[in-house]
1. Take the residues in the range A:52-94 that are β-branched (V, I, T) and not in a helix (DSSP H, G or I), then tell me which one is farthest from the chain's Cα centre (by Cα).
2. When the range B:58-82 is examined, which residues are found to be out of contact with any strand residue (DSSP E or B) (no Cβ under 6 Å at 6 or more places or on another chain) and in contact (Cβ under 8 Å) with a residue 24 or more places away in the chain?
3. Considering each residue of the range A:96-111, count those that are surrounded by fewer than 16 Cβ atoms within 10 Å (Cβ to Cβ), away from DNA strand D (no atom under 15 Å from the Cβ) and not hydrophobic (A, V, I, L, M, F, W, C), and give that number.
4. Which of the residues spanning the range A:123-135 are crowded, with 20+ Cβ neighbours inside 10 Å and part of a strand (DSSP E or B)?
5. How many residues are on the phi > 0 side of the Ramachandran plot and within 14 Å of DNA strand C (Cβ to nearest atom) when one looks only at the range A:27-68?
6. Restricting the first residue to the range B:22-46 and requiring it to be not assigned by TED's automatic domain parsing to the domain that holds B:E110, which pairs with a second residue that is charged (D, E, K, R) and crowded, with 20+ Cβ neighbours inside 10 Å meet a Cβ separation below 6 Å and a spacing of at least six or different chains?
7. Counting only residues that are facing chain B (nearest Cβ under 9 Å) and over 12 Å from B:L118 (Cα atoms), which one in the range A:112-122 is surrounded by the fewest Cβ atoms within 10 Å (Cβ to Cβ)?
8. Mind checking which residues of the range A:82-97 are near DNA strand C (Cβ under 9 Å from one of its atoms) and among the basic types (K, R)?
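The values are calculated or read from the model by the stated rules, or taken from the named source; none is laboratory data. Note that the structure is a prediction, hence the values are computed from the model and not measured. So basically every Cβ, Gly included, is an ideal-geometry build from the backbone, and we count neighbours across all protein chains shown.
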There are 2 protein chains.
Amino acid sequence: MHDQVHTPHPAGLERTAAALRERGYRVTSQRLLIQRTLEDMGRHVSVEELREAAAGRLPNLSLPTVYAALETLEDAGMVRRVPGGRGRALWDARTAEHHHLVCRRCGAVEDLRTKVALEAAVSAAARQGFAPDGAEVVVHGLCSRCR
Amino acid sequence: MHDQVHTPHPAGLERTAAALRERGYRVTSQRLLIQRTLEDMGRHVSVEELREAAAGRLPNLSLPTVYAALETLEDAGMVRRVPGGRGRALWDARTAEHHHLVCRRCGAVEDLRTKVALEAAVSAAARQGFAPDGAEVVVHGLCSRCR
DNA sequence: GTTTTTGCAAATGATTTGCATGGAT
DNA sequence: ATCCATGCAAATCATTTGCAAAAAC
């Protein structure tokens, strides 16, 4: 840990930079900032929430840039897009496999606190001609507030 | 089978009507038509595709009506909303549990042809205060065309 | 007869695009 | 020096809403 800041950064700027270079993307302050902000938030957030949090550190960061950076970071494997959330996409820097509960009424997305074996599903996908990045379980229903 | 048509209708108009009444919804020709059209299509379709197919049988069926009917039918358990498809929602009348492959590049959604045991995930969700309707696996990655 | 649903037109809200400037390689 | 990424404004696209007329109960 040669970081001089106090917040935890499991991935770190270097790892993000390396992941970007590896796919031929340029390393920009916006991309690093967005990955780092999302990691600091430690939960699923909307693009708008993320922009608000990041804009505190880089004033005129634009929304199109946030969208573009997230797509790039997703391709570099540094962030995950989370399905569900009532129309708008949610993003998460926690790339380790975990699963979600999506409320069909209010769109809230929370984490499922259990592991599920999906190796068979992933290899079946590959056998169907698909190139899987990962798999997740989505449980749909009503959250505690909406039930 | 007292149907005079030749297409197969596993659910049937009566079952749809009963499901609607059971939840206190009114039985309308639009709702029956939409459920039946979706069932006839036998795959995931967008709202727009569904409207086009249904409009052939009921000329000035409006898009807002299709949206409203799908939500009602979902609540009545007669159709499923499928996650993934690049922003827009996809719908399916095949309510039996099955799983999906979602292409992160083009948004295409195809079925996974394998069963996955999700009982543990569903009961864990219930233990977290969630009221689950069902669960599914989403494998994300690149489809055969985009890889 | 009363209440819900429909159809239409218009509003909303997330995401994307075009294009000139600035930054990374 | 070259090419990619950013910022801004405006466009796009799916979905939702308001409201009067029509249909279901």
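1. Only one residue tops the list, namely A:V82.
2. B:L58, B:L61, B:T65, B:V66, B:A69, B:T72, B:L73, B:D75, B:A76, B:G77, B:M78, listed by residue number.
3. Initially, the range A:96-111 is screened for residues surrounded by fewer than 16 Cβ atoms within 10 Å (Cβ to Cβ), giving A:96-97, A:105-107, A:111.
Subset that is away from DNA strand D (no atom under 15 Å from the Cβ): A:96-97, A:111.
Still in the running and not hydrophobic (A, V, I, L, M, F, W, C): A:97, A:111.
So the answer is 2.
4. A:A135
5. Residues meeting the conditions: 0.
6. Every condition considered, the pairs that remain are B:H44/B:D92.
7. So the residue we want is A:R113.
8. Matches in the range A:82-97: A:R86, A:R88.
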